[in-house]
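Below: one structure, written as structure tokens.
The values are calculated or read from the model by the stated rules, or taken from the named source; none is laboratory data. Remember, predicted model here, so these are calculated numbers, not experimental data. So basically every Cβ, Gly included, is an ideal-geometry build from the backbone, and we count neighbours across all protein chains shown. These area figures cover heavy atoms from the full protein model, side chains too; ligands, DNA and RNA do not enter into them. Shrake-Rupley method; radii C 1.70, N 1.55, O 1.52, S 1.80 Å.
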Amino acid sequence: MRSPLAPLYQASLWLAGLFMIALLATIILSILGRQFDFYIRGIDSYAGYFMAAASFLALAGTLAKGDHIRVTLVISRFTGKSRRGLELFCLILAIAISGAFAFYTVKMAWWSYKFNDISTANDATPLWIPQIGMALGTVIFCIAFIEEFVLVLRGKKLDGQSAEIAHTE
């Protein structure tokens, strides 16, 4: 079954990819700076900002594709209604945790904006700008858990979950 929110997850993955490319560019610039004796102020901070944005923006897309690490050792032992009940319980827990995380990351970005909080590093970047990637990623992640909960509740599965047990690395 194709998710109606798949374009949102795909866009989030594309943004994460762009931030990974930006991270690579900052690392290359940093290396070149050491080799050719020039310094770009705040380059290390920007590498961290890009890494955080890429990580958080990729969460929902990987969950929707079934690529998150899941502990199926316990759940796979159950069948029928007990398995479904355990899956729903785990998803409720995931929604609560990701929802709280999303709420507080959005709140953190808002307060950083409201109080004009800036980085203590030598780049002096307003912190709400890099925090937007983290906040957006956690909100989309929570939405993905809610969607998965609704699908399991309705007796449907996402594409990536059926092959999850066979998908080992």
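Things worth noting here:
- Applying the Kirkwood pairwise sum to the alpha-carbon positions of the chain produces a hydrodynamic radius of 17.9 angstrom.
- Table column - 3J(HN,Hα) (Hz), the range 46-60, Karplus curve with 6.51, -1.76, 1.60, x for Gly and Pro: 5, 4, x, 4, 5, 5, 5, 4, 4, 5, 6, 6, 8, 4, 5
- Legend: calculated FRET efficiency, LYS81 to ALA11, from the Cβ-Cβ distance at R0 = 41 Å, rounded to 0.05, equals 0.65.
- Non-local Lys pairs in the chain, i.e. 8 or more apart or on different chains, that have alpha carbons under 21 Å apart: 4
- Solvent-accessible heavy-atom area per residue, rounded to whole Å², over the chain at 1.4 Å: 63
- Normalised by 2.2 N^0.38 Å, with N the number of residues, the alpha-carbon radius of gyration of the range 28-101 equals 1.83.
- Each peptide in 125-134, 147-156, 31-40 was scored by the mean count of other Cβ atoms within 10 Å over its residues; highest first, the order is 125-134, 147-156, 31-40.
- Point-charge dipole on Cβ atoms (K/R +1, D/E -1) for the chain, about Cα centre, debye to 20: 700
- Taking label points 7 Å from Cα along the Cα-to-Cβ direction, MET108 and GLN35 give a separation of 3.5 nm.
- Residue-wise HN-Hα coupling along the range 142-153, computed from phi with Karplus coefficients 6.51, -1.76, 1.60 (Hz; x: Gly, Pro): 5, 4, 5, 5, 4, 4, 5, 4, 4, 5, 5, 4
- Amide H within-cut-off set for ILE118, under 5 Å, with H built and near neighbours excluded: LEU127
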